[in-house]
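Just so it is clear, none of the values below were taken in a lab; they were calculated from the coordinates. In this text the structure is predicted, and so the values were computed from the model without any measurement. Counting neighbours? That spans all protein chains shown, and the Cβs are built from the backbone with ideal geometry, glycine included.
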Amino acid sequence: MTRREFINELDSLLRELPDKERLDILAGYTQHFLNGVKNGKSEQEIAEALGSPRLLAREILAGYRIHQAQSDASIGNMTRAVIATVSLGFFNLVFVLGPFLAIIGVLIGLYAASLALLIAPVGLLFPFLIPETSDQRSIMVFAGIASFGLGGMMAIGLFRLTGWLYRQFLRYLHFNLRMIRGK
């Protein structure tokens, strides 16, 4: 594979990156080829030493996605970072993607339960739902207050848990990317 073929293939695989970053990366690899040729290596030898442009592009995109998830914390960015990292190896596909999706599912379920506990006391506003005796009314009011309090505490805990999990996933993705790159 020649320098031009390598750079063209890498360029087409990195189209998701912003133009400035993509062009900087391509300039770096072009310079690597030029330095190698100066040192007496052929373009084919340099291309073989660099490896597959497809694998190289996956690593670069995974690093970009992880950086994007760090700078703009959102579920979408984290999911894209996990998928980019998972695409780098079978181990990640089997042992990372499944638990990641399970944790996201559990969090969604817990958020739904918290929301339900917060909304449940609204039913007390309808007079036809409140029983006739004052003892039953007192129990219903207490249950509504307890439900709202529990839902609020659960929501606060879930916000903190979600932030902690987000940071842990980012740490794992960084670790994983370093392992793949051999650093």
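The calculated FRET efficiency for residue 30 paired with residue 150, based on their beta-carbon distance and R0 = 45 Å, is about 0.15. Between residue 111 and residue 174, the modelled labels are 2.4 nm apart [label points 7 Å from Cα along Cα→Cβ]. Extension gain, residue 134 to residue 37: 0.36 nm times the residue separation minus the Cα-Cα distance gives 25.8 nm. Note on the chain: GNM, Cα springs under 10 Å; of 144, 123, 63, the largest mean-square fluctuation is that of 123.
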